[in-house]
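The values are calculated or read from the model by the stated rules, or taken from the named source; none is laboratory data. A quick note: this is a predicted structure, and the numbers were derived from the prediction, not measured. Quick reminder, even Gly has a Cβ in these numbers, built from the backbone with ideal geometry, and neighbours come from all protein chains shown. Please note that ligands, DNA and RNA were not included when accessible areas were found on the heavy atoms of the full protein model with its side chains. Shrake-Rupley method; radii C 1.70, N 1.55, O 1.52, S 1.80 Å.
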Amino acid sequence: MKKGFIKVVACALAGLFLLSGCDSLPNGSNGPHEVPTTIKADFTQKEKKGNWITYGDCKVETKDGTAVITKRSASNTGIAIPCADYRGNTVKAYVKASSENDSMTLSLKYEFYGNVSYVNIAAGQADEAGITEITGTIQIPDNAQNAMIYLEASDVRDITVTAMEVSIEGEFNNLTGTPVESLEDPTKTASLAAAYADYFKFGVASPATVMTNKNDSFRKLLKTQFNSVTPENELKPDSVLDAALCKNDPAKYNEAPAVHFEAAKPILDYCKKNNIPMRGHTLVWYSQTPSWFFYENYNVNGQLASRDLMLKRMESYIDQVMNWCEKNYPGVIYAWDVVNEAAADDGGMRDCYWKQVIGDDYVEKAFEFARKHAPANVQLFYNDYNEYQTSKQEDILKMLKPVAAAGNIDGMGMQSHISSGLNIDNYIAAAKKYADELGVKIHITELDVTAPKSLNPMYDQGVYMQKFFEAIIAADKAGVPIECVTVWGLTDDMSWKSSTKPLLFYGNLSPKPAYEGVMCAINGGEVAKPADYQEPKTDSTPFVEDYEDKKFTGGPRYSSVQKIVEGGYESDYCLMNSEGYAEYDGYSIDVTNYVGHTIKVTFAIKSKAPTCKCTADIDGTWPTVAEVQTGSDEWVLGEGQYTIEAGTPSLTIYFESVDMNPFYLDNVKIEVID
Ligand code: 9MR
């Protein structure tokens, strides 16, 4: 009886929701229901029945309780576990698989009113026996529809999956009966592009689903706010290279790879029709470029192509892509990211297929071909992240100086995936240096700003945005040729880093304080404090955690996981930091209340990683507060000091290990000493 009643109410609600303009029934509109807290793929069963599905264009056969994935047409094809009922929860994903791919990744895919988002959860490499085990956690947004977690790999070699599961971390937040949030009218919000018309284009990255979506609200937001568009994935080599044609007739396509533009057409059509110029992204990149492209006969089981052959393929690809776009969409693409992310994170040039097959001059060659074939008025850009960091900037400048000397580059794309700890003066100095030393224009190409872990994260992010844009405007006025600022996504929920809420609009399309900050930078005024604004703590009481009460107040940096475990330093319990996507996914503590003071940090730590560190999260420099030699898996004591400059809006420090080994932390004390 009771169950039936709940169902009727829920259907009525769903009906109302439909009347209010929703296209599709939101997840769980048939009322809350019980949900298992673990979904385990059962490979003795067929698709769906066994809780798994084939993801993308590939073949999956089950054999002896495993899933054997063959004929993978792209690196993102494999197996997925649908977990739509887990929206609004932190989930843990696990896979055990074997394959000859260089690495494999667990990723999350979800939709929101027809727009698709992808988020990488964790990656792993095979052990000596060829087995890869990957575990990672991820927060699935409350409004995520049709969420699924899938396994992908760095290339298209076969994969055998022996185990895969997704489970709820902590208490289950049951949103199965809750409709997703309805959308706000995006046309009421004043236009960023119009406000900044005297300075630079205001662009946005968008997936083509915005254009193909039955719901036009996202298009309305785009058209109201922005006057430059970057396709988020659709013009990348793995979308453009035609795997089927190349592989079926490798002789025919040997030097001139087959290309197609099915993925990009909706977005090109939209930009042409609406007169919105596009940044083409991207021609030559180590990532999202299938490995078969670099092999003789497009066959990964054979030999790598020769330098000569690869240069021919590179030239042909660049020529075909630029000129197909120009012929079919004349004048739409005004700039191309010719080469993306060629500098390594740890210095020098990134090791990748392009470099291995062609050599260090592949960047020069790409720009030479691009200049030779570029339609008139199309500007050629290099694009990279962490581009404002001094050492990486030096590497990039060294790489690009010959390109600039040959007259083959017009602009530097500063991706600008930043956080509100980034020193704005350093950032502007980096922009000026690129412009001065290379004689090029600047595009800020992928701006997103991780919200701080503070008491008022959205407000603080807004205040930072205001300062950031004030500095850009001032630089522009002072002659730094900043001609376009593009944000990397329309809304927080559509961001590749959705859990860090890095963009200007909420998932429901309403403007955030971050948007307000951008507007205040040009119009004057200040970001309004929210009604629930909390005064930042200014007390300098020491921060002490010994985990004996099994509690901790810090949190994960990116996707790491913290747990209280037994076996502390001369005590019962300690904190374990594990998983995550990278070694710097550590344990983060907000120390904003100590701004203006010198702090002393003491702690006990143990790990199999050779070194562990305590680091301040001032983006762009990440100064070390304390460093200890671990590796023996015995407890080691660490100590360090750090002065937090007055005026710093917020600051976290974090503990990390130099490799992916877990670390154990105990007796953390942070105290003001000056
Ligand atoms: O936002 C893009 C995301 O949807 C893709 O899954 C991801 C795959 O690498 O690429 C993202 O965009 C990247 C951009 O093309 C280059 N700079 C870094 C961006 C964020 O990863």
Going by amide H atoms built from the backbone, whose H comes under 5 Å of the H on Asp155, apart from near neighbours? Asp102, Ser103
In Å, what Kirkwood hydrodynamic radius results for segment 363-407 from the alpha-carbon pair distances? 11.5 Å
So what is Rg over Rh here for segment 561-657, counting just Cα atoms and using Kirkwood for Rh? 0.98
Protection proxy (average C-beta count within 10 Å per residue), highest first, orders 421-430, 126-135 as 421-430, 126-135
1.4 Å probe accessible area per residue over segment 353-463, in Å²: 34 Å²
Taking N as its residue count, the alpha carbon Rg of segment 439-514 over 2.2 N^0.38 Å: 1.17
Rounded to whole Å, √(5λ) for the Cα gyration tensor eigenvalues of segment 234-381, largest first, gives 25, 19, 13
Over 20 Å between Cα atoms, which of Lys214/Lys236; Lys201/Lys401; Lys273/Lys327; Lys401/Lys441; Lys453/Lys512 qualify? Lys214/Lys236; Lys201/Lys401
Want the number for Lys220 to Ala129: 0.36 nm per residue separation, take away the alpha-carbon distance, what's left? 27.5 nm
Applying the span-like rule to the chain (DSSP H, Cα extent along axis at least 18 Å, Kyte-Doolittle mean at least 1.0) gives 2-19
Taking segment 475-551, which chymotrypsin sites (Phe, Trp or Tyr not before Pro) meet the DSSP loop condition and have no more than 13 other C-beta atoms within 10 Å? Tyr533
Taking 0.36 nm per intervening residue step and subtracting the Cα-Cα distance, what contour gain separates Asp57 from Asp345 on full extension? 100.4 nm
Filtered trypsin sites (Lys or Arg not before Pro), segment 215-265: DSSP coil and at most 10 other beta carbons within 10 Å: none
Considering only protein heavy atoms and a 1.4 Å probe, what is the carbon-and-sulfur percentage of the accessible area of segment 252-367? 43 percent
Ratio Rg/Rh [Cα only; Rh per Kirkwood] for segment 422-555: 1.06
Would you compute, for the Cα atoms of the chain, the largest minus smallest coordinate along each principal axis and list the three values in descending order, in whole Å? 68, 64, 59
Average the reciprocal distances over every distinct pair of alpha-carbons in segment 59-134, invert the result, and give the Kirkwood radius in Å. 14.2 Å
Across segment 602-674, how large is the tail of the calculated P(r) beyond 13 Å, expressed as a percent of all Cα pairs? 64 percent
Rg and Dmax of segment 195-252 over Cα atoms: what are they, in angstrom? 16.8, 53
Would you kindly calculate the mean projected area, averaged across all directions, of the convex hull enclosing the Cα atoms of segment 304-412, in square nanometres? 6.9 nm²
Can you order the peptides 564-570, 329-335 by their average number of other Cβ atoms within 10 Å per residue, highest first? 329-335, 564-570
In Å and from the alpha-carbon atoms only, list the Rg and Dmax of segment 134-181. 14.4, 41
Mind pulling the per residue volume of the convex hull built on the Cα atoms of segment 485-598? Å³ is fine. 193 Å³
Please compute the per residue accessible area over segment 546-637 with all protein chains in place, 1.4 Å probe, rounded to a whole number of Å². 42 Å²
State the percent of C-alpha pairs, over all pairs in segment 167-276, separated by a distance greater than 17 angstrom. 68 percent
With every protein chain in place, segment 438-534: carbon and sulfur % of accessible area (1.4 Å): 52 percent
The long-range amide H neighbours of Val284, using H built 1.01 Å from N in the peptide plane and a cut-off of under 5 Å, are Val339, Asn340
Quick check: convex hull of the Cα atoms in segment 61-207, volume per residue, rounded to a whole Å³? 163 Å³
Dipole in debye (nearest 20) - the chain, about Cα centre, beta carbon charges: Lys, Arg +1; Asp, Glu -1: 2340 debye
Solvent exposure of segment 187-322 as accessible area per residue, Å², 1.4 Å probe: 38 Å²
